[in-house]
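Here is the structure we will look at.
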Amino acid sequence: MFVPETDLARVADAHARLLDAIDALTDDGVRRPSILPGWTVGHVLTHVARNADSHVRRTEAAVRNEIVDQYAGGYAGRETEIEAGAGRFAAEIVDDVRHSAHAVEAAWRSVPGEAWVGRSRDANGHERALFELPARRWQEVEVHVVDLGVGRSHRDWPEAFVVEWLPRTRERMWPLLPPEASDARFDDPRDELAWLYGRLRRDDLPDPPAWG
């Protein structure tokens, strides 16, 4: 039975690097703007924590052979939870991120091998196998640590992350880009991936559709 051991290890590593990056955040630090329009650092971190909770929720349901929505109340419910948590003190937010990260790692480590083929539903309604979720959590953490502006940039992404996600993101995003995007040139593949995620802007590059 397939168990996504490699992705589970990658998530644990990404969590450790995220927690190291935010460990010294102050109350002023969580209230300053992130690189995402309209979101503070507190918004981003609260989203990361609630995303972890959503994976626990989906995992527990899949083990019961049930399918649940990723977020109670859909996108609106997700936004309500983010807004409710974004204004907390730094220590509370960082503790939330830490505990939720450890909780999802523990949930995945407790999944019986045969349950990894169970079905789960994304916030947009798309269904996928449970074994796909660790890779998606890995992506979530790697991208959002860049959004925080805490000294981690897309150039810090592990090579394995770029090797795994650049081809998949190209396949999804390139058909949606204008024709002039074909002239884009990149010195580092991390730059291309950051651009496709909307995290790198240059005068010679068109803006890609929103990633999410």
Exercise. Shape of region 5-152 from its Cα gyration tensor (a ≥ b ≥ c, root eigenvalues): rounded if a/c is under 1.5, otherwise prolate when a/b > b/c, or oblate?
Worked result: prolate
Exercise. What spacing in nm lies between the two simple spin-label points modelled at residue 180 and residue 9, each 7 Å away from Cα in the Cβ direction?
Worked result: 4.5
For this session: Treat every Asp and Glu Cβ in the chain as -1 and every Lys and Arg Cβ as +1, leave all other atoms uncharged, and give the resulting dipole magnitude about the Cα centre to the nearest 20 debye.
Result: 320
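Within 10 Å of each residue's Cβ, count the other Cβ atoms and sort 92, 105 from fewest upward.
Listing 92, 105 from fewest to most nearby Cβ atoms yields 92, 105.
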Exercise. Given only helices, namely DSSP H runs of n ≥ 4 each adding -39500 (n - 2.57), what is the per-residue ellipticity at 222 nm of the chain, to the nearest 500 deg cm²/dmol?
Worked result: -18000 deg cm²/dmol
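Give me the percent relative contact order of the chain, please, defined on Cα pairs under 8 angstrom at least 6 residues apart. List each step's numbers first, then the result.
Details: 268 pairs, mean separation 51.1, N = 212.
Once normalised by length, the contact order is 24 percent.
Kindly put 89, 2 in sequence by how many other C-beta atoms sit within 10 Å of each C-beta, fewest to most. The partial results should precede the final answer.
Values: 89 13, 2 10.
Fewest-to-most ranking of 89, 2: 2, 89.
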For this session: Pick out, from 39, 73, 61, the residue whose Cα sits farthest towards the positive end of the charge dipole of region 31-80, with +1 on the Cβ of Lys and Arg and -1 on the Cβ of Asp and Glu.
Result: 39
Exercise. In whole Å, what is the distance between the alpha-carbon centres of region 143-202 and region 6-31?
Worked result: 20
Seminar exercise, completed: Fewest-first ordering of 35, 22 by Cβ atoms within 10 Å yields 35, 22
Exercise. From the square roots a ≥ b ≥ c of the eigenvalues of the alpha-carbon gyration tensor of region 153-203, which class results: rounded (a/c under 1.5), prolate (a/b over b/c), or oblate?
Worked result: oblate
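Quick note: the coordinates plus some simple rules give every number you see, no bench work behind them. Small disclaimer: the values here were computed from a predicted structure and weren't measured. Quick reminder, even Gly has a Cβ in these numbers, built from the backbone with ideal geometry, and neighbours come from all protein chains shown.
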